[in-house]
1. Mind checking which residues of segment B:65-89 are assigned to a strand (DSSP E or B) and in contact with a Gly (Cβ under 7 Å, 6 or more places away or on another chain)?
2. Filter segment B:25-48 down to residues that are free of Cβ contacts under 8 Å to residues at least 60 places away in the same chain and within 14 Å of chain A (Cβ to nearest Cβ), then give me how many there are.
3. Could you identify the single residue in A:Glu22, A:Glu17 that is modelled with pLDDT of 95 or more and either touching a Leu at 6+ places or on another chain (Cβ under 6 Å) or not in a loop (DSSP other than H, G, I, E, B) (or both)?
4. Taking segment A:100-113 as the search range and keeping residues that are small (Gly, Ala, Ser) and crowded, with 20+ Cβ neighbours inside 10 Å, which one is nearest to the other protein chains (Cβ to nearest Cβ)?
5. Name every residue in segment B:34-73 that is closer than 19 Å to A:Gln37 by Cβ and either modelled with pLDDT of 95 or more or not acidic (Asp, Glu) (or both), in order of residue number.
6. Which number in (1) surrounded by 17 or more Cβ atoms within 10 Å (Cβ to Cβ); (2) more than 10 Å from chain A (Cβ to nearest Cβ); (3) more than 20 Å from B:Ala42 (Cβ to Cβ); (4) of a type outside the set (A, V, I, L, M) marks the one condition that B:Thr104 misses?
7. Please pick out the residue among B:Leu49, B:Leu33 that is touching a Lys or Arg at 6+ places or on another chain (Cβ under 8 Å) and among the aliphatic types (A, V, I, L, M).
8. Select from segment A:67-97 the residues that are outside any strand (DSSP E or B) and at the interface with another protein chain (Cβ under 9 Å from one of its Cβ atoms) and list them in ascending order.
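The values are calculated or read from the model by the stated rules, or taken from the named source; none is laboratory data. Predicted, not measured: the structure shown is a model, and the values here were computed from it. Glycine gets a Cβ as well: all are built from the backbone with ideal geometry, and neighbour counts include every protein chain shown.
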Amino acid sequence: DVKVTQSSRYLVKRTGEKVFLECVQDMDHENMFWYRQDPGLGLRLIYFSYDVKMKEKGDIPEGYSVSREKKERFSLILESASTNQTSMYLCASSWSTGGEKLFFGSGTQLSVL
Amino acid sequence: EDKVVQSPLSLVVHEGDTVTLNCSYEVTNFRSLLWYKQEKKAPTFLFMLTSSGIEKKSGRLSSILDKKELFSILNITATQTGDSAIYLCAVMEYGNKLVFGAGTILRVKS
């Protein structure tokens with residue numbers, strides 16, 4: 001069974017803090033993604049990566065950065081958290097071929113106060 | 001701008017009812033359409049559709065795609081309380097970009 005693990009289920013941070021969200025997958029997937037999910041807006045793509053050290057901006061990259069130093073790990077970084085970044089963050093991964101089928105982590109509910 | 005629109009936004013039914021969830025899309029380079037079920041937190045894959053008119057079926061769930069009219073439906077027959085979830089529709093474009101709809105929240109009452 002494919003496993004995508006996100007380091008925290010719930011996180012509470014203060015405005016201005018630097019926040020790291022970690023995601024690890026165990027299926028040797030080439031592709032990894034970070035989404036945020038907000039009520040009424042669905043999942044919106046923040047960043048994705050097709051390979052180690054590669055990253056591409058998604059639809060809403062502002063205020064975020066990512067790091068992929070190893071194939072299995074994809075980190076999302078909020079350089080200076082703001083209240084409008086309070087959201088559910090979902091990590092996903094897939095193979096490079098047939099990459100439509102995403103495997104998701106359980107999500108991190110981030111609250112920025 | 002690419003978009004995926006799901007309807008209804010939410011739905012409450014009784015056990016045993018049949019439900020139809022809708023997904024329409026406008027994307028530049030369509031490759032496939034996917035349905036996911038999200039209970040609690042992690043969305044799980046249900047179906048991937050690439051060809052018009054070919055029904056995909058899994059137990060009480062089925063789905064079909066119409067590439068001419070740019071929509072898909074997800075049917076659930078004989079609903080059970082365990083079907084309560086958010087159902088997400090997503091369209092894959094060439095370049096591996098997935099565009100998600102806002103989801104349909106389904107609640108099945110016993």
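1. From segment B:65-89, those assigned to a strand (DSSP E or B) are B:65-66, B:71-76, B:85-89; that's our starting set.
Selection gives B:Ile86, B:Tyr87, B:Leu88, B:Cys89.
2. Step one: of segment B:25-48, the residues free of Cβ contacts under 8 Å to residues at least 60 places away in the same chain are B:26, B:33, B:35-37, B:39-48.
Filter once more, keeping what is within 14 Å of chain A (Cβ to nearest Cβ): B:33, B:35-37, B:39-48.
The qualifying residues number 14.
3. Numbers: A:Glu17 fails: either touching a Leu at 6+ places or on another chain (Cβ under 6 Å) or not in a loop (DSSP other than H, G, I, E, B) (or both).
Going through A:Glu22, A:Glu17 in turn, the sole match is A:Glu22.
4. At the first step, the residues of segment A:100-113 found to be small (Gly, Ala, Ser) are A:105-107, A:111.
Still in the running and crowded, with 20+ Cβ neighbours inside 10 Å: A:105, A:107.
Numbers: A:Gly105: 6, A:Gly107: 4 Å.
The selected residue is A:Gly107.
5. At the first step, the residues of segment B:34-73 found to be closer than 19 Å to A:Gln37 by Cβ are B:34-46.
Passing the criteria: B:Leu34, B:Trp35, B:Tyr36, B:Lys37, B:Gln38, B:Lys40, B:Lys41, B:Ala42, B:Pro43, B:Thr44, B:Phe45, B:Leu46.
6. (3)
7. Values: B:Leu33 fails: touching a Lys or Arg at 6+ places or on another chain (Cβ under 8 Å).
After applying the criteria, what remains is B:Leu49.
8. Let us first name the residues in segment A:67-97 that are outside any strand (DSSP E or B), namely A:71-72, A:79-86, A:95-97.
Of everything in segment A:67-97, just one residue is outside any strand (DSSP E or B) and at the interface with another protein chain (Cβ under 9 Å from one of its Cβ atoms), namely A:Ser96.
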